[in-house]
Amino acid sequence: MKSLRLLLILLFSAGSSIFADDSGSQKAASLETQVKVQMNYLLYLPKDYEKQDSWPLLLFLHGSGERGDDLELVKKHGPPKLIAAGKEFPFIVVSPQCRSDRRWEPIELVALLDDLSSKYKVDQDRICVTGLSMGGFGSWQLASFAPTRLAAIAPICGGGEVYWTRSFAHLPVWAFHGGKDTGVPLERSQEMVDALRKKGGNPKLTIYPEAGHDSWTETYDNPMLYEWLLEQRRVRQE
């Protein structure tokens, strides 16, 4: 019995000394895990999808009013609305839905692109992103997060942090904004475009002088936007 008691005391003392050694100090550690992403989305495949080996992909990010768990809401504006009305696109069009308590997270959107690329005929050099309002902000942020993954972005009535532009001056950008937008002031797009130009980029900004926050209807009805997107190719950085 005495031997057992002595052994327990020694073990407790040893354990205590291990924890004591960690107190007040720091040591190297690491984390290796996988982030779980759950996201519903609308998927459009071009009419002649099976006739080509690869297709450009257009990722559409909706605004805050279309968040939730009802994909019908995503059809309210932009490419999903046009597709629902019968318009055909020469892209794979993917329109995810953001949950009602969230905003667009770049790491989740990249996970979506990874999954789509493994399942469909996606041309990795022709992935473009567009979005309106909250989706415009999401487009700018995704460009900053994954600047070498995209071919171009077309953010509408959005904005972002100017420092984001440090990583994607090479990226073709065509931004759109209403001159009388009180929801997201025109300055939010203008400052991003100006920052890119200072860094050697060549972004475009289309301003609709009389438009308010809805600068997306005219933009997505403009065939020139899609022609421009089709012309873009990923710029590979050394």
Crossing angle, helix 134-145 versus the chain [Cα axis fit, 0-90 degrees, rounded to tens]: 60 degrees
5 angstrom amide H check on residue 68, placed H, neighbours 5+ away: 98, 99, 100
Of (1) -0.38, -0.47, -0.57, -1.18; (2) -0.44, -0.51, -0.58, -1.13; (3) -0.46, -0.56, -0.67, -1.22, the label for log10 I(q)/I(0) by the Debye sum over Cα atoms at q = 0.09, 0.10, 0.11, 0.16 Å⁻¹ derived from the coordinates: (2)
Mean Cβ count within 10 Å, highest first, over the residues of peptides 99-107, 45-53, 215-223: 215-223, 99-107, 45-53
Charge sum, other residues only, whose C-beta stays under 11 Å from residue 75's C-beta, Lys/Arg counted +1 and Asp/Glu -1: -1
Residue 110 versus residue 32: modelled label distance in nm, points set 7 Å from Cα along the beta carbon direction: 1.9 nm
Integer Hz, Karplus 6.51/-1.76/1.60 couplings in order for the stretch 156-166, x for Gly and Pro: 10, 6, x, x, x, 8, 4, 5, 4, 5, 4
Burial ranking of peptide ranges 201-210, 54-63, 180-189 (average Cβ count within 10 Å, highest at the top): 54-63, 180-189, 201-210
C-alpha long axis of helix 2-22 to longest principal axis of the chain, angle in °: 40 degrees
Top of 169, 111, 29 by mean-square fluctuation, Gaussian network on the chain, Cα under 10 Å: 29
Residue-count net charge about residue 177 - beta-carbon cut-off 14 Å; Lys, Arg +1, Asp, Glu -1: -4
Among beta bridges that DSSP assigns inside the chain, antiparallel share in %, nearest 5: 15 percent
Cα centroid of the stretch 41-81 to Cα centroid of the stretch 94-121, whole Å: 11 Å
Cα-based helix-to-principal-axis angle, 106-119 vs the chain, degrees rounded to 10: 80 degrees
Members of 87/180; 81/198; 47/198; 75/121 lying beyond 31 Å, as alpha-carbon distances in this model show: 81/198; 47/198
Ranked packing of 128-139, 86-97, most packed first, by mean Cβ within 10 Å: 128-139, 86-97
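Readers should treat all values here as calculations from the given coordinates under stated rules, not as data from a laboratory. None of these values were measured; they are calculated from a predicted model. Ideal geometry is used to build each Cβ from the backbone, glycine not excepted, and the neighbour counts take in all protein chains shown.
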